[in-house]
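**Q** Just dropping this structure here.
The values are calculated or read from the model by the stated rules, or taken from the named source; none is laboratory data. Bear in mind that the values here come from a model prediction, so they are computed numbers and not experimental data. We place every Cβ from the backbone using ideal geometry, glycine too, and count neighbours over all the protein chains shown.
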Amino acid sequence: MRGRRPEGKREHGGRRVRVVLAAGLALLAVGGCTELPYYAQAVGGHLAIMRARVPIETLLADPATDPVLRDRLARVQEARRFALSELGLPDNGSYRAYVALDREAVTWNVYATPEFSLEPRRWCFPAVGCVAYRGYFAESAARAYASELAAQGWDVYVAPASAYSSLGWFEDPVLSTMLQRGELSTVGVLFHELAHQRVYVKGDTAFNESFATAVQRAGVRRWLQARGEAKRLAAYTRALERRAAFLALLRETRARLAAIYARGGAP
């Protein structure tokens, strides 16, 4: 039957699920009682998304599917094929199903730094190493944890995320939150998250995000070139240049603040 995965591959995927869940249970055991709610929400939130997946081909074939959603999912399929044939990104079951979320973000990430410092707090996990954020599937839980940190004297920031990667352990779906900002954003996020599946260095957030962003930008450029969309490519290039100029200002400001903090002063 077309579109059906071979039995052997499906069984292998099941083993992956069991391995990940076993790892999650191990984390609960070593993390202590105070960490149990955090890992429970992470496992539960992810599995809830996995259970809600609907194959994109099913939605495209359903006459009841909203026409706007149909067009967006068809474009996702094109981008998925492009990622495989032109960018060398993983050929697996990721981004071949869709999940409609009832919220504006899939997760909310908590960031924290000491007062008068630019060095972020890092949280360490056996599966991915140490990262400079802590993610939650519920905004209320993220903000509650941020409030706890703030009460301890940390400067905190909570940021919504439209997508995340399970690094190939699961067949990640296309999320409704990935479709909110237009075609190039959706295509770029798709390339970005698949790049994480291709290369991921445990504990090195800066490299991982830099690599995925480089793949994303190069991929979007090649996507537009392949489609002969010179005007959109020029506009995309200008947008990247404006972003680069803005980031340069941020780096300059960061350096000035770092110098002030190093002298023991406040801004």
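**Q** Scan Ala74, Ala83, Ala61, Ala100 and give me the residue that is among the small types (Gly, Ala, Ser), buried (at least 18 other Cβ atoms within 10 Å of the Cβ) and at pLDDT 95 or above.
**A** Details: Ala74 fails: buried (at least 18 other Cβ atoms within 10 Å of the Cβ); Ala61 fails: buried (at least 18 other Cβ atoms within 10 Å of the Cβ); Ala100 fails: buried (at least 18 other Cβ atoms within 10 Å of the Cβ).
Unique residue meeting the criteria: Ala83.
**Q** Filtering segment 192-212 down to residues that are crowded, with 21+ Cβ neighbours inside 10 Å and small (Gly, Ala, Ser), which residue is nearest to Ser94 (Cα to Cα)?
**A** Residue satisfying both the conditions and the ranking: Ala195.
**Q** Could I ask something else about it? Any residue in segment 44-62 that's farther than 23 Å from Phe137 by Cα: show its pairings with residues that are modelled with pLDDT under 95 at Cβ separation under 8 Å, as long as the two are six or more apart or on different chains.
**A** Glu57/Gly3
**Q** Specify which of the listed residues (Gly264, Gly228) is loosely packed, with under 10 Cβ neighbours inside 10 Å and either assigned to a helix (DSSP H, G or I) or modelled with pLDDT of 95 or more (or both).
**A** Values: Gly264 fails: either assigned to a helix (DSSP H, G or I) or modelled with pLDDT of 95 or more (or both).
Answer to the check: Gly228.
Yes or no, residue by residue, for (1) of a type in the set (S, T, N, Q); (2) more than 24 Å from Arg221 (Cβ to Cβ):
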residue	(1), (2)
Arg80	no, no
Asp91	no, no
Val99	no, yes
Ser117	yes, yes
Phe170	no, yes
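**Q** Continuing with the same structure: Within segment 63-166, considering only strands (runs of 3 or more DSSP E) that don't extend past its boundaries, which have at least 1 residues that are more than 19 Å from the chain's Cα centre (by Cα)? Explain how you work it out, then say what you get.
**A** Values: elements: 97-99, 107-114, 123-125, 129-131, 134-136, 154-161.
Strands (runs of 3 or more DSSP E) meeting the threshold: 107-114, 154-161.
**Q** List every residue pair whose Cβ atoms sit under 7 Å apart, with the two residues 6 or more apart in sequence or on different chains, where the first one lies in segment 74-101 and is in contact (Cβ under 8 Å) with a residue 12 or more places away in the chain and farther than 12 Å from Gln197 by Cα and the second, anywhere, is outside any helix (DSSP H, G or I) and aromatic (Phe, Trp, Tyr).
**A** Short answer, once both residue conditions are applied: Val76/Tyr95; Arg80/Tyr95.
So that you can scan it fast, the table gives a plain yes or no per residue for (1) closer than 21 Å to Trp108 by Cα; (2) among the polar types (S, T, N, Q); (3) in contact with a helix residue (DSSP H, G or I) (Cβ under 7 Å, 6 or more places away or on another chain):
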{"position": "Tyr145", "(1), (2), (3)": "yes, no, no"}
{"position": "Ala161", "(1), (2), (3)": "yes, no, no"}
{"position": "Phe170", "(1), (2), (3)": "yes, no, yes"}
{"position": "Ser185", "(1), (2), (3)": "yes, yes, no"}
{"position": "Glu193", "(1), (2), (3)": "yes, no, no"}
{"position": "Arg217", "(1), (2), (3)": "no, no, yes"}
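**Q** Of these, Val220, Val215, Val187, which one is crowded, with 20+ Cβ neighbours inside 10 Å, hydrophobic (A, V, I, L, M, F, W, C) and free of Cβ contacts under 8 Å to residues at least 40 places away in the same chain? So that I can check it myself, show each step before the final result.
**A** Numbers: Val215 fails: free of Cβ contacts under 8 Å to residues at least 40 places away in the same chain; Val187 fails: free of Cβ contacts under 8 Å to residues at least 40 places away in the same chain.
Step by step, each of Val220, Val215, Val187 is checked, and only Val220 is crowded, with 20+ Cβ neighbours inside 10 Å, hydrophobic (A, V, I, L, M, F, W, C) and free of Cβ contacts under 8 Å to residues at least 40 places away in the same chain.
**Q** Restricted to segment 182-225, and to residues that are in a helix (DSSP H, G or I), among the basic types (Lys, Arg) and within 20 Å of the chain's Cα centre (by Cα), which residue is modelled with the highest pLDDT? Steps first, please.
**A** Going through segment 182-225, the residues in a helix (DSSP H, G or I) turn out to be 183-198, 205-225.
Cutting the leftovers down to among the basic types (Lys, Arg) gives us 198, 217, 221-222.
Pick out the ones that are also within 20 Å of the chain's Cα centre (by Cα) and you get 198, 217.
Numbers: Arg198: 94, Arg217: 97.
Among them, the one singled out is Arg217.
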